[in-house]
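The values are calculated or read from the model by the stated rules, or taken from the named source; none is laboratory data. It should be emphasised that the depicted structure is a prediction, and the values quoted were computed from it without experimental measurement. Cβ: placed from backbone, ideal geometry, glycine included. Neighbour counts: every protein chain shown. SASA here: full protein model, heavy atoms, side chains in, ligands and nucleic acids out. Shrake-Rupley method; radii C 1.70, N 1.55, O 1.52, S 1.80 Å.
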Amino acid sequence: MFQTLAEYSASSWEGSAEYDGLEAVVAGIADGAQHIQAKVRAAVLAHAVGVTGETNVQGEVVQILDTFSSDTLVDTLRKCGRVAAIGSEEIEETVIVGDSPVHQYLVQMDPLDGSSNIDVAVSVGSILGIWKRQADESVTGSTLLKKGNEQVAAVYTVYGSCTMMVVATHGSVQGFTLDPSDGIFRLTNSNIRIPKKNSCYSTNEGNFKGFDSGTQKAIEELRNTYSLRYVGSLVADFHRNLLKGGIFLYPGTKKSPEGKLRLMYEANPLAFIAEQAGGAASSGKERILDIEPLKLHQRTVLIIGNQDVVDRTLAVMNT
Ligand code: AHG
Ligand code: MN
Ligand code: MN
């Protein structure tokens with residue numbers, strides 16, 4: 001019999017000062033994910049694919065489901081009663097929810113990752129980083145600008161051949177699968193550790209020309225050693241690499257030296273999860289979790305996966 005998410009949260013965090021109220025935040029994320037996955041699976045039939053006609057703060061076209069996912073998670077996180085402020089890829093400014101003593105958590109999220117894949121039925125997902133607010137800390141836009149190494153938890157979901165939700169806290173990475181028969185998330189992957197053996201590398205080889213010579217050398221070595229697996233949804237590529245071993249790279253190019261991915265709500269949460277599962281994550285210059293954030297939507301190069309392969313790749317990149 002599989003333990004439910006509610007049973008796992010209660011048995012793991014109830015009564016713990018460090019995680020007081022975390023089960024309400026994670027339950028809010030699960031509730032939001034439930035609604036999002038249902039919308040994603042019915043999107044074509046409900047004419048909910050395609051763009052809204054707006055561009056977000058990243059200058060990227062906004063998909064109808066990007067907005068739906070962001071609105072849904074803002075709503076469920078607000079209702080959980082424990083979140084003080086929310087940062088979202090789809091919202092330029094910080095969403096201030098509340099500053100009473102019970103509003104102890106800060107959440108940064110990519111509400112729908114891989115959204116260009118929706119209308120071709122390829123896996124997408126949501127990525128969330130969770131920080132704690134200091135008791136007397138005021139709640140402003142900059143409250144959210146905390147280093148990744150201050151996260152207390154991180155979550156991602158994958159809306160793929162099944163709906164999975166991976167929840168990490170310090171020393172623990174747990175995978176839950178949504179049971180379509182009753183809408184309950186059940187613990188199916190306990191104590192996830194990234195496998196010792198690396199199985200693949202993931203990068204957009206179409207950008208190879210734009211990489212600097214060190215990165216090209218590192219990619220050539222990976223190309224000659226591993227299979228290439230690249231979905232084009234970070235969260236799906238990361239999930240496969242976490243379970244099977246692998247390295248994902250989104251390097252900088254001449255055109256975009258900082259790469260494409262966002263530090264606060266793509267790199268930081270996944271770097272937290274990778275490290276708790278025995279892996280590593282770097283910007284090529286420094287550990288992702290040590291990066292001092294300056295802006296809510298700042299980008300970073302991301303190299304993430306098996307510790308030994310990340311170390312080797314950085315060594316070749318920086319020769
Ligand atoms: P988002 O849909 O949240 O904007 O993220 C898309 C990202 C990420 O999911 C993926 O790894 C990357 O875009 C793919 O970029 P390329 O198409 O340039 O390879
Ligand atoms: Mn994304
Ligand atoms: Mn997104």
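If you go through the range 284-319 and keep only what is open to solvent by less than 20 Å² (accessible area, probe 1.4 Å) and farther than 19 Å from Asp110 by Cα, you end up with Gly284, Gly305, Asn306, Val309, Val310, Thr313, Val316. For the range 114-146, name all the residues that are within 16 Å of ligand 3 (Cβ to nearest atom), of a type outside the set (A, V, I, L, M, F, W, C) and out of contact with any Ser or Thr (no Cβ under 6 Å at 6 or more places or on another chain). Answer for the range 114-146, where residues must be within 16 Å of ligand 3 (Cβ to nearest atom), of a type outside the set (A, V, I, L, M, F, W, C) and out of contact with any Ser or Thr (no Cβ under 6 Å at 6 or more places or on another chain): Ser115, Ser116, Asp119, Gly129. Do we find that Ser70 is open to solvent by less than 10 Å² (accessible area, probe 1.4 Å), within 16 Å of ligand 2 (Cβ to nearest atom) and out of contact with any helix residue (DSSP H, G or I) (no Cβ under 6 Å at 6 or more places or on another chain) in this structure? When the stated conditions are applied, Ser70 passes them. The residue that is farthest from ligand 2 (Cβ to nearest atom), counting only those in the range 45-67 that are of a type in the set (A, V, I, L, M) and more than 14 Å from Ser115 (Cβ to Cβ), is Leu45.
Counting the residues of the range 185-225 that are open to solvent by 60 Å² or more (accessible area, probe 1.4 Å) and modelled with pLDDT of 95 or more gives 12.
Meeting the requirement of 2 or more residues that are more than 16 Å from ligand 1 (Cβ to nearest atom) and of a type in the set (Ser, Thr, Tyr), the strands (runs of 3 or more DSSP E) wholly within the range 100-188 are 163-169, 172-179. The set of residues in the range 241-260 that are open to solvent by 10 Å² or more (accessible area, probe 1.4 Å) and touching a strand residue (DSSP E or B) at 6+ places or on another chain (Cβ under 8 Å) comprises Leu243, Lys244, Tyr250, Ser256, Glu258, Lys260.
Counting only residues that are within 16 Å of ligand 2 (Cβ to nearest atom) and free of Cβ contacts under 8 Å to residues at least 12 places away in the same chain, how many does the range 198-239 have? Final tally of qualifying residues: 0.
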